[in-house]
Amino acid sequence: MTTHDAPWSPDMPAVRGGQRAAAQALVCVAACGCTGVLAAALQVDVVDESGRPVGGAVAFLESSAASALTKPLARVEVAQEAKQFLPGVVVVPVGTQVHFPNRDSVRHHVYSFSPAKKFELKLYTGTPANPVLFDQAGVVTLGCNIHDRMVGWIVVVDTPYYAQAPEGAAQVRIDGVPAGSYKLRVWHPRLAPGAAAHEQPVALPATGSVRAAVKLVGLAP
C-alpha cells in the first residue's frame with residue numbers, strides 16, 4: 001500500500017527576466033537537493049503479521065534503470081570483535097569488495113555457503129590481504145567455523161536506491177529516487193534462512209514523498 005504526500009510547491013512572487021530564472025533555480029535546488037535532477041523519497045513502514053513494528057529492516061528499489069546506475073562502494077569492512085560480526089548487517093551494491101579484519105585476540109575462520117557468494121577465509125588474525133568481491137545480488141549469510149554463534153549478513157543489491165532502518169526504528173527512508181515504477185523489496189535478518197525478501201510494486205512521482213506499508217510474514221521470535 002502506498003500513499004502520496006502533496007509535492008512541495010512554494011508561492012513564487014511575480015518576477016521578470018533574470019529574476020525569474022534565479023527564482024526557478026532556487027525552486028530546483030530546494031526540491032532536488034542541489035543535484036539538478038528531480039527526485040522523490042520513499043518511507044517504508046514495516047510491521048510483522050500481528051501488526052507490531054519491526055525495527056532494523058533493509059529496503060531497496062529495483063528496476064532496469066536502477067540496475068544501470070549501480071556502482072560499488074569504495075571500501076567496506078565487516079570486522080570480528082568480541083566474537084561478533086560488526087556490523088551485523090551490511091548493505092552493499094553489486095561489485096563491492098568487503099574487507100574482514102579480525103580485531104579479536106583469537107583466530108576466526110569466516111565463510112559463507114550462500115548461493116549469492118560462497119567463500120572461505122581460513123583461520124587468521126589481522127586483516128586478510130585480499131578483500132572479498134560480492135558480484136551477485138542476494139543475501140549472504142556469514143559464519144565462523146570456530147565460533148558457531150557468530151552470524152552476520154551482507155545484503156548485496158543491484159540498485160543505488162537502498163537503506164537500512166536505524167536500530168529499533170520501524171521506518172526505512174530512501175531518498176533521492178527518480179520518478180518511475182519500481183519493485184520494492186524488504187528483508188530482515190529474522191526471516192527464515194534462504195527466504196526471499198518481501199516484494200511489492202511501488203511508483204514514485206518526480207518530487208515529494210511516498211509511504212509504503214509492508215507486512216513481513218514468518219519472522220523468527
Can you name the residue in the stretch 56-80 that is assigned to a loop (DSSP other than H, G, I, E, B) and in contact with a Pro (Cβ under 8 Å, 6 or more places away or on another chain) and, of all such residues, is nearest to R149 (Cα to Cα)? V78
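Filter the stretch 193-216 for residues that are outside any strand (DSSP E or B), at pLDDT 95 or above and among the aliphatic types (A, V, I, L, M) and give the result.
Within the stretch 193-216, A197, A206 qualify.
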Restricting to the stretch 78-111, give me the number of residues that are surrounded by fewer than 19 Cβ atoms within 10 Å (Cβ to Cβ) and more than 25 Å from A170 (Cα to Cα). 15
Filtered residues of the stretch 195-221 (kept if of a type in the set (A, V, I, L, M, F, W, C), within 16 Å of R52 (Cα to Cα) and surrounded by 15 or more Cβ atoms within 10 Å (Cβ to Cβ)): A212, V214, L216, L219
Quick one: which strands (runs of 3 or more DSSP E) sit completely within the stretch 81-142 and have at least 1 residues that are modelled with pLDDT of 95 or more and of a type in the set (F, W, Y)? 84-86, 108-114, 117-124, 132-134
Looking at G143, G126, can you tell me which residue is buried (at least 16 other Cβ atoms within 10 Å of the Cβ), small (G, A, S), farther than 30 Å from S209 by Cβ and in contact (Cβ under 8 Å) with a residue 24 or more places away in the chain? G143
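The values are calculated or read from the model by the stated rules, or taken from the named source; none is laboratory data. Small disclaimer: the values here were computed from a predicted structure and weren't measured. Using ideal geometry, Cβ is built from the backbone for each residue, glycine included, and neighbour counts are taken over all protein chains shown.
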